[in-house]
Amino acid sequence: MAGSDPTASFDLTGKTAVVTGGYGVIGGTLATGLAAAGARVAILGRSKDAAESKTAELRRGGADALSIVGDVLDERAMRDASAALIAAWGPPDILVNAAGGNVARARNDGRSIFEVPLDAFDEALRLNLHGTVIPTHVFAETMADRGSGSIVNISSMAALQALSGVLGYSVAKAGIDNYTRWMAVELARKHGDGIRVNAIAPGFFLSTQNRAVLVRDDGSPTPRARTIVDRTPMSRFGRPEELIGAVQWLASDAASFVTGVVIPIDGGFSAFSGV
């Protein structure tokens, strides 16, 4: 934020954070991390039960938490969500766009890409790109009015290299990288140095959505999982909690001069040529 102490800690006490998809593996972990740093956290997503369950978990841990139901692909719903947040706590200081994920019918692991329905491609693209753009344009408007705020998007290794089977997801995440840089420039130039936009690019983490692709029923790794680990210098999958530190930093005043960057958190995957 403008005028911040460059030696500031990661402390987020007094900050209000919104986490879209805040009850998923990544989103839920980041919500917990933000709460642990002192932020009050609004969990935003389509599932009322899941949002309330995560909110209750955060409250049991001593955090101030709120659940808001809304589809990130519905602009009206996002505006209603913004109004609900402002009525409860005021405008947000932090937005983490964690909603997204793969769309099973858009994958082409065992078939030609020409057999993937174009509407499935569109679904993956909308979920992972529009699902960040829409809430950002709604919540960032209030940040722009105040001239302060931190937005953290979720990119992927799929934005950097061609990962087989996930064309729609890959195109969307490449869009996230460009959108992150574009919005960082736009907001800083027109609304001041107190509003920042960055992203993290996770490597490979086991989640509900990808478990079937990476782990057999007997718990052994699939060939795809073995290839990933072989291409990861740290020779393992990431743990979701290993994403927390970077997001706490990006959300805090300690990163007050950081905007427009995409940080790989990947065990060295993006640095390794395979040779």
inquiry  = Any residue at all in the range 179-195 that's out of contact with any helix residue (DSSP H, G or I) (no Cβ under 8 Å at 6 or more places or on another chain), of a type in the set (Phe, Trp, Tyr) and either in the same structural domain as ASP119 (by TED's automatic domain parsing) or farther than 30 Å from ALA36 by Cβ (or both)?
reply    = yes
note = Residue set ALA50, ALA84, ALA35; condition of a type in the set (Gly, Ala, Ser) and more than 26 Å from PRO240 (Cα to Cα); output residue ALA84
Given (1) in the same structural domain as GLY147 (by TED's automatic domain parsing); (2) surrounded by fewer than 21 Cβ atoms within 10 Å (Cβ to Cβ), index of the condition ASP11 fails = (1)
query = Of all residues in the range 159-174 being touching a strand residue (DSSP E or B) at 6+ places or on another chain (Cβ under 9 Å) and among the hydrophobic types (A, V, I, L, M, F, W, C), which is surrounded by the fewest Cβ atoms within 10 Å (Cβ to Cβ)?
reply = LEU160
Residues (closer than 17 Å to THR16 by Cα and loosely packed, with under 14 Cβ neighbours inside 10 Å) located in the range 62-85 = GLY62, ALA83
ask   = Residue check, ARG236 against (1) surrounded by fewer than 23 Cβ atoms within 10 Å (Cβ to Cβ); (2) out of contact with any Gly (no Cβ under 8 Å at 6 or more places or on another chain), all met but one. Which one?
value = (2)
key: Candidates ALA120, ALA99 - the one that is at pLDDT 95 or above, closer than 21 Å to ALA212 by Cα and crowded, with 21+ Cβ neighbours inside 10 Å   = ALA99
query = Restricting to helices (runs of 4 or more DSSP H) lying wholly in the range 27-125: which have 1 or more residues that are in the same structural domain as MET157 (by TED's automatic domain parsing), more than 27 Å from ALA144 (Cα to Cα) and not basic (Lys, Arg)?
reply = 48-60, 118-125
task = Answer yes or no as to whether ILE151 is free of Cβ contacts under 8 Å to residues at least 60 places away in the same chain and either buried (at least 19 other Cβ atoms within 10 Å of the Cβ) or more than 28 Å from ASP193 (Cβ to Cβ) (or both).
result = yes
request  = State whether one or more residues within the range 162-174 are touching a Ser or Thr at 6+ places or on another chain (Cβ under 7 Å) and more than 26 Å from SER235 (Cα to Cα).
outcome  = no
note = By residue number, the members of the range 110-131 that are within 15 Å of LEU73 (Cα to Cα) and free of Cβ contacts under 8 Å to residues at least 60 places away in the same chain are ASP122, GLU123, ALA124, LEU125, ARG126, LEU127, ASN128, LEU129, HIS130
message = Given the criterion modelled with pLDDT of 95 or more and out of contact with any strand residue (DSSP E or B) (no Cβ under 8 Å at 6 or more places or on another chain), identify the matching residue among THR55, THR20, THR13.
response = THR13
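The values are calculated or read from the model by the stated rules, or taken from the named source; none is laboratory data. Values in this document were obtained by computation on a predicted structure and should not be read as measured data. Methodologically, a virtual Cβ is constructed for each residue, glycine included, from the backbone with ideal geometry; neighbour enumeration extends over all protein chains shown.
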